[in-house]
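The values are calculated or read from the model by the stated rules, or taken from the named source; none is laboratory data. No experiment lies behind these values; they were computed from the predicted model shown. Cβ sites come from the backbone with ideal geometry, for glycine too, and all protein chains shown count toward neighbours. What goes into the accessible areas is simple: the full protein's heavy atoms, side chains included, and nothing from ligands, DNA or RNA. Shrake-Rupley method; radii C 1.70, N 1.55, O 1.52, S 1.80 Å.
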Protein chains: 2
Amino acid sequence: MLFSPLLKQLIESLRCLPGVGPKTAQRMALQLLERNRENGKQLAQTLLNALEKIDHCTSCRNFSEEPLCHLCKTPHRDPSLLCIIESPIDLFAVEQMGHYRGQYFILMGHLSPLDGIGPDNIGIPQLNSRLTQGSIREIILATNPTVEGEATAHYISELIKQHHPTIKTTRIAHGVPLGGELEYIDSGTLAHAFAGREVI
Amino acid sequence: MLFSPLLKQLIESLRCLPGVGPKTAQRMALQLLERNRENGKQLAQTLLNALEKIDHCTSCRNFSEEPLCHLCKTPHRDPSLLCIIESPIDLFAVEQMGHYRGQYFILMGHLSPLDGIGPDNIGIPQLNSRLTQGSIREIILATNPTVEGEATAHYISELIKQHHPTIKTTRIAHGVPLGGELEYIDSGTLAHAFAGREVI
């Protein structure tokens, strides 16, 4: 028993953070105690506060402490365009691009039957009820180009074809990324790039 | 404003942890909110509790929520041997070796005049008063073999020579680490290894 019981408990608790193993947790606990008690206290209080108050936005499912998030409240976004993404981090990526002015719907995951994640877990009923409100004309499926992301995109597009046939559904293009070299591109991506070629 | 104010505040607070930059903090905050709310709450409460209750052991300066830490309370450690180390992590390393059965004194840092860290900040007055109690016969200086660690060891050894001339002061040996190859050892270490050679 080299660390005191409470210190041990703190080190154990810190391991719930992603990417934090036993050594990193030790370093974090000792550093907080040695040099950073004020910030540590603030972190603990903010964390409690955030976990209590932050819930999902009722419209786009993003994290928000208010019923409607900032992006859903603003009148400057085109209400006829809806971009469907997997996680709030992806929203960051799309917004950084700077070209998209529509609204979002965040699945908070992707379909993964083996892990027990079905349509209800990724907010499909909520998406459905949002689509029936009628102002949306195009849906851009921007789930990740992984097996699960593609399956999720396919599932949603089929659903929209069935229940909302007037809405246009698009998928972001797959192809060679800018700055990439053909030599290092996998053949699946290259096949997509050839199939999706455009006249210049 | 892509993240809600409270989420932003949480991400900012997480950056007080060592080695956590903006991207990692984002990932941590989102993961805690998405999948780990219970553990997150427990972490916050443990952190508050630890920061409030954990102080320094009055004898060895290690972190402890009680006035005397576990290692100082146990009767199984040799009270005539005192090992001086820089941080609680070093105690872990020495204990893992398994050969040392004496007691410890933890400086919680090293002398660093440029950063304003003087003898009072590394507990020298407390060490002095512990030495005057008289049961210690040997002090092992096990500060790190860095410039600051060596300077700190030198300072303490001079102090002991002056005020407690009956106490034997030793420094852990510098030399070639086991499993190392001479080809890759720096010349400073090699010089120490030659100067400290022993008859076999």
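What to note about this one:
- Meets criteria (assigned to a helix (DSSP H, G or I) and either closer than 22 Å to B:LEU107 by Cβ or open to solvent by 90 Å² or more (accessible area, probe 1.4 Å) (or both)) for B:HIS174: no
- Any hit, the range B:119-135, residues being open to solvent by 20 Å² or more (accessible area, probe 1.4 Å) and among the hydrophobic types (A, V, I, L, M, F, W, C): no
- Residue under evaluation A:ARG130, criteria (1) in contact (Cβ under 8 Å) with a residue 60 or more places away in the chain; (2) not in a helix (DSSP H, G or I), criterion not met: (2)
- Selection of the range B:177-200 for residues being open to solvent by 60 Å² or more (accessible area, probe 1.4 Å) and polar (S, T, N, Q) yields only B:SER187.
- Number of the condition not met by B:ALA191 [criteria: (1) over 24 Å from the mean Cα position of the chain (by Cα); (2) under 30 Å from B:ARG61 (Cα atoms)]: (2)
- Taken over the range A:1-23, the criterion of being of a type outside the set (A, V, I, L, M, F, W, C) and under 16 Å from B:ARG27 (Cα atoms) is satisfied by A:ARG15, A:PRO18, A:GLY19, A:GLY21.
- Applying the condition of being in contact with a Phe, Trp or Tyr (Cβ under 9 Å, 6 or more places away or on another chain) and either of a type in the set (S, T, N, Q) or within 7 Å of chain A (Cβ to nearest Cβ) (or both) to the range B:20-49 and asking which residue is most open to solvent (accessible area, probe 1.4 Å) yields B:GLU34.
- Only one entry of A:GLY134, A:GLY180 meets the criterion of being modelled with pLDDT under 95, among the small types (Gly, Ala, Ser) and in the same structural domain as A:LEU82 (by TED's automatic domain parsing), and that entry is A:GLY134.
- Residues that are of a type in the set (Val, Ile, Thr), open to solvent by less than 10 Å² (accessible area, probe 1.4 Å) and in a helix (DSSP H, G or I), drawn from the range B:139-163: B:THR152, B:ILE156, B:ILE160
- Residue match in the range B:105-119 (condition: under 14 Å from the mean Cα position of the chain (by Cα), closer than 24 Å to B:HIS192 by Cα and either at pLDDT below 90 or among the small types (Gly, Ala, Ser) (or both)): no
- Criterion: more than 17 Å from A:PHE3 (Cα to Cα) and more than 7 Å from every other protein chain (Cβ to nearest Cβ) - qualifying residue of B:SER59, B:SER80, B:SER13: B:SER80
- Selection from the range A:1-10 of residues that are exposed (fewer than 15 other Cβ atoms within 10 Å of the Cβ) and either facing another protein chain (nearest Cβ under 7 Å) or touching a residue at least 40 places away in the same chain (Cβ under 8 Å) (or both): A:MET1
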